[in-house]
Amino acid sequence: MSDGFFNVAVLFLDKALPGDWQANIYAPSSRTGRFTTPVIEPKLLVDGKGSQVTSIFMGSEDCPRWRQFVNYPVPLKGPDVPYENIRESSYGIRGLYLLFAAWIMETFAVVRQRAWIDAGFGGLRKIRFSIEDWEPWFVPEVFPKAGADPSGHAVDLGPERETTKRDAECAVDYPQARYYSAADYRRLYLAGELTPTDVARALLPLIRRDAKPPGKYSTAWFDSKEQIVLDAAAASTQRYREKRSLGPLDGVPTAVKDEFDMDGYTTCLGSRRDFTGPVLEDGSNRAWCVRKLEEAGAVIMGKTSMHEFGLDTPGNNPIYGTPTNPHNAQYYTGGSSSGTAYCVSAGLIPVGLGSDGGGSVRIPASMCGIFSLKPSHNRISCKPSQNHSNTCAVNGPIAADVESLTTLFEVLAQPHPTSPFPPMGRIRLEQGPGHPRVIGIPEAWFARATPAMQELCRGLIKRMVARHNYTVVPVEIPFLSHGQIAHAMTVLTDAATLLPETRGLTPGNRIMLALGRVTPATDYLLAQKLRRVLMEHLAWLWQQHPGMVLVTPTTSCAGWPILTAGELRYGISDGDRTLRTMEYVWLANFCGNPSITVPAGFVVPEGAPDAGQVASVDTPGKIPVGLMATGEWCAEEQLLQFAWQAERASADLRNRPPIWLDLVEEAKKLHKESEQ
């Protein structure tokens, strides 16, 4: 090795020894500069001549995160490359044409291979020499060491969070933005003005599919078991009477996506098939997060609709019916957690549970004008079921307000016994003095959004700067367009291995799975190599800007319009629109970071005068859009603080949808009748 071949040493976290650090010295590739080959004994940091030098990572004040986490990426700046859009435009296929297209894709290998190339999946080969020396990273799980939770609080959740005076002022100033929160229901229960049974009885007739006629909001619900719901509500009502409530979610109506096992329910993942998990030794097959909800006393009203297998983003489901956007019935809700987002937006529940493998809680929340959090990878356990997309997907909460979102997240994030995550403490929504307030904007990527989306999101960023003293810094991230392709390739290939038999599936998903079966192992590995490049570059960005949140629009387009009745009956496959909705969300899934979306305003719908422009308050059928913030691994508290600030800075930008249900008033009518 020649003198000066390399002039810096880095530390490598040995993932085979969780919780322990091991210092290894790696020599960079002569082509890329990536550290690949161990060249000297561990725990010595040397320059190219073998002289010891100072560590720039472990034990350094420049990167304290290394000491707090397991699997934290090595902070290494990625290649300096300008933003490049490598996607090709394609035509959407709808209705009966979709049936024929699915048959063609499944029957002729040459068509599948051509479609795979046209979709851009071969694009990673063009950057092979820039990424091939990185090792692949398959599961982006980064977690705190025991006793080093980044929240810094005691593991006991402690006393309940109290709604601040500013919350009440916000509701008075902008009543059109006012949703009932989980805390509102609890206050009414504690005051004796309402009971969980009143709420359940008021809501059940509106959501049941088996009612004659079906409930007004039933399309958003996969199933609701009346007796199970009423029993849970009665138990909660009795606890309040006896003054032994279980906490802030006791009696609060909620729902879970048809992806989570619940006792007494079938799990179909939005399909015709039965994927219900086996009953375990304790006589239950409940998912861990469902168990936590029930232990907190929440009244789970049922299971909500979803896009079949969560493999696309409109929320279209020709099998069970498609819930349309509460703000405009000519638009989709977004997906795949379509039913949960619909129910929160329409006022049926203040909080609900979804999952997110490529924006599936953030996209529908953005399109429905509400809040959602995609946590760090595996922060919320999928046990005892399998994670159907374990390299990208997570479970996450959706809510009408940030306080409720935080409360639900605290309950769901209690670690499963097999989880490497330590217990999490009570989250503080008000930031203390001296907390970093930095917004990072990848400008070329941000500019991919439509002009109205940019105007609304930049406007909210300006409010955050003016009202909450944020500083904006420009950042660059390499290979973003390639990264989106790598994420899509990974998810589809994972899905194709789980679903080799496609009979009975919707034609749109048959096309997706046919694409997933084409991916060569070499290209799949290139995608995982790019994952490491991106994760290490993000770690480097947070080393440069501690406490920064990356901010973009949630989607690059405003909503997803329903163009024909046939697509509701047979389905839709529109790669362009899918990728536009996933323009920004994929990064957090692929790299394992937490990410949150907040409402940012409305856009005039397609077909209306001034379509695509920023909408005024009285614009009929206006479409909600969202602003998204992505944080460092395990920085959920910081993101919730950001969202809490944004909620107050943008209250005048929110409106409840026309179909919003005043569930509290409906329940009060029943309560009054029961007292007479």
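Net charge within 10 Å of residue 468 by Cβ-Cβ distance, Lys/Arg positive one each and Asp/Glu negative one each, not counting residue 468 itself? Walk me through the intermediate numbers first.
On the way: positive: 437, 463, 467, 648; negative: none.
Residues near residue 468 contribute +4 overall.
Find how many whole Å separate the alpha carbon centroid of the range 230-299 from the alpha carbon centroid of the range 539-584.
Rounded to whole Å, the Cα centres lie 31 Å apart.
For residue 443 and residue 244, what does the FRET efficiency come to when R0 = 51 Å and r is the distance between their Cβ atoms, rounded to the nearest 0.05? Numbers along the way, then the final one.
Details: r = 54 Å, r/R0 = 1.07.
Working from the Cβ atoms, E equals 0.40.
Starting from the range 359-445, pick out the GluC sites (Glu not before Pro) whose DSSP state is loop and whose Cβ has at most 13 other Cβ atoms within 10 Å.
Values: sites: 403, 410, 430, 443; in loops: 430.
Answer by residue number: 430.
Quote the charge dipole size of the chain about the Cα centre in Debye, to the nearest 20; the model charges only the Cβ of Lys and Arg (+1) and of Asp and Glu (-1). Let's see the in-between values first.
On the way: 67 positive and 72 negative charges, 111 e Å.
For the chain, the charge dipole is close to 540 debye.
Assuming a viscosity of 1.567 mPa s and a temperature of 4 °C, what translational diffusion coefficient in µm² per second does Stokes-Einstein assign to the range 505-552, Rh being the Kirkwood radius over Cα pairs?
Details: Rh = 13.7 Å.
D, rounded to a whole number, is 95 µm²/s.
Using a Förster distance of 30 angstrom, determine the FRET efficiency expected from the C-beta separation of residue 472 and residue 618, and round it to 0.05.
On the way: r = 32 Å, r/R0 = 1.06.
That pair, residue 472 with residue 618, gives E of 0.40.
Please report Rg (one decimal) and Dmax (integer) in Å for the Cα set of the range 262-401.
Cα radius of gyration and Dmax of the range 262-401 are 14.3, 47 Å respectively.
Amide H neighbours of residue 661 under 5 Å, at least 5 residues apart or on other chains, H built in the peptide plane: list them.
Amide H neighbours of residue 661, under 5 Å, 5+ apart: 347, 348.
Which whole-Hz couplings ³J(HN,Hα) result when phi for each residue of the range 557-563 is put into the Karplus expression 6.51 cos²θ - 1.76 cosθ + 1.60, θ = phi - 60°, listed in order with x for Gly and Pro?
In residue order, the calculated couplings are 10, 8, x, 9, x, 8, 8 Hz.
Tell me, what ³J(HN,Hα) does each residue in the range 495-506 have, in order and in whole Hz, if you take phi through Karplus 6.51 cos²θ - 1.76 cosθ + 1.60 with θ = phi - 60° and put x for Gly and Pro?
Computed from phi, the couplings for the range 495-506 are 5, 5, 6, 7, 10, x, 9, 10, 4, x, 7, 5 Hz.
Run down the lysines and flag those whose C-alpha is under 16 Å from the C-alpha of residue 126, throwing out any fewer than 8 positions away in its chain.
Leaving aside lysines fewer than 8 places away in the same chain, those within reach of residue 126 are 529.
I want to make sure I understand the PRE zone here: with the label point 7 angstrom from the Cα of residue 211 toward its beta carbon, which residues in the range 662-676 have backbone N atoms less than 17 Å away?
662-671
Kindly write out, for the range 121-126 in residue order, the coupling ³J(HN,Hα) from the Karplus curve 6.51 cos²θ - 1.76 cosθ + 1.60 (θ = phi - 60°), rounded to whole Hz, with x marking Gly and Pro.
For the range 121-126, the Karplus-derived couplings read 5, x, x, 5, 5, 6 Hz, x marking Gly and Pro.
Starting from the amide H of residue 333, placed 1.01 Å from N in the peptide plane, find each other amide H under 5 Å away whose residue is 5 or more places distant or on another chain.
The list, which skips near neighbours in sequence, is 325.
According to the square roots a ≥ b ≥ c of the eigenvalues of the Cα gyration tensor, what is the shape class of the chain, taking rounded for a/c under 1.5, prolate for a/b larger than b/c otherwise, and oblate for the remainder? All intermediate terms of the calculation are to be shown ahead of the outcome.
Numbers: a/c = 1.62, a/b = 1.33, b/c = 1.22.
It comes out prolate by the Cα gyration axes.
Please list, in chain and number order, the residues 5+ apart from residue 222 or on another chain whose amide H is under 5 Å from its amide H, with Hs placed from the backbone.
Sorted by chain and number, the residues that satisfy this are 303, 304, 305.
In whole percent, what relative contact order does the range 292-347 give with Cα contacts below 8 Å and a gap of six or more residues? Before the final figure, lay out each step's value.
Details: 81 pairs, mean separation 18.2, N = 56.
For the range 292-347, the relative contact order is 33 percent.
Once the piece of chain linking residue 610 and residue 383 is laid out straight, how much longer is it, given 0.36 nm per residue of separation minus the C-alpha distance between them?
On the way: separation 227, 0.36 × 227 = 81.72 nm, distance 4.82 nm.
Length difference between fully extended and current span is 76.9 nm.
Can you tally the net charge around residue 508? Count Lys and Arg as +1, Asp and Glu as -1, for every other residue whose Cβ sits under 11 Å from the Cβ of residue 508. Each step should come with its number before you reach the end.
On the way: positive: 94, 510; negative: 308, 312, 567, 574.
Every neighbour counted, the sum reads -2.
May I ask you to sort 523, 231, 282 by Cβ crowding, counting other Cβ atoms within 10 Å and putting the fewest first?
Working: 523 20, 231 13, 282 8.
Neighbour counts put them in this order, fewest first: 282, 231, 523.
What is the distance, in nm, between label points placed 7 Å from the Cα along the Cα-to-Cβ direction at residue 390 and at residue 67?
3.4 nm
Could you work out the relative contact order of the range 470-543? I mean the mean sequence separation of Cα pairs under 8 Å and 6+ apart, divided by the number of residues, in percent.
Working: 39 pairs, mean separation 32.6, N = 74.
Relative contact order, the range 470-543: 44 percent.
If I take every Cα pair under 8 Å that is 6 or more residues apart in the chain, average their sequence separation and divide by the length, what percent do I get for the relative contact order?
Numbers: 1494 pairs, mean separation 130.6, N = 676.
For the chain, the relative contact order is 19 percent.
At 0.36 nm per residue, and after removing the present C-alpha to C-alpha distance, how many nm does the segment from residue 675 to residue 522 gain when stretched out fully? Don't skip to the answer; put the middle values down first.
Details: separation 153, 0.36 × 153 = 55.08 nm, distance 6.91 nm.
Taking residue 675 through residue 522 to full extension adds about 48.2 nm, to one decimal.
Among all the lysines, which ones have a C-alpha under 24 Å from residue 383's C-alpha, if same-chain residues fewer than 8 places away are not counted?
15, 145, 225, 257, 292, 303, 374
Run the quick spin-label model on residue 81 and residue 274: label points 7 Å from Cα toward the beta carbon, then report their separation in nm to one decimal.
Distance between the two pseudo-spin positions: 4.9 nm.
Based on the alpha-carbon set only, what is the convex hull volume of the range 627-669 divided per residue, in Å³?
Working: hull volume 5.7 nm³, N = 43.
Each residue corresponds to 132 Å³ of Cα convex hull volume.
All of the numbers you see were taken from the coordinates with simple rules; none came from a lab. For clarity, every value in this text was computed on a predicted model and none was experimentally measured. All Cβ positions, glycine included, derive from the backbone under ideal geometry; neighbour counts span all protein chains shown.
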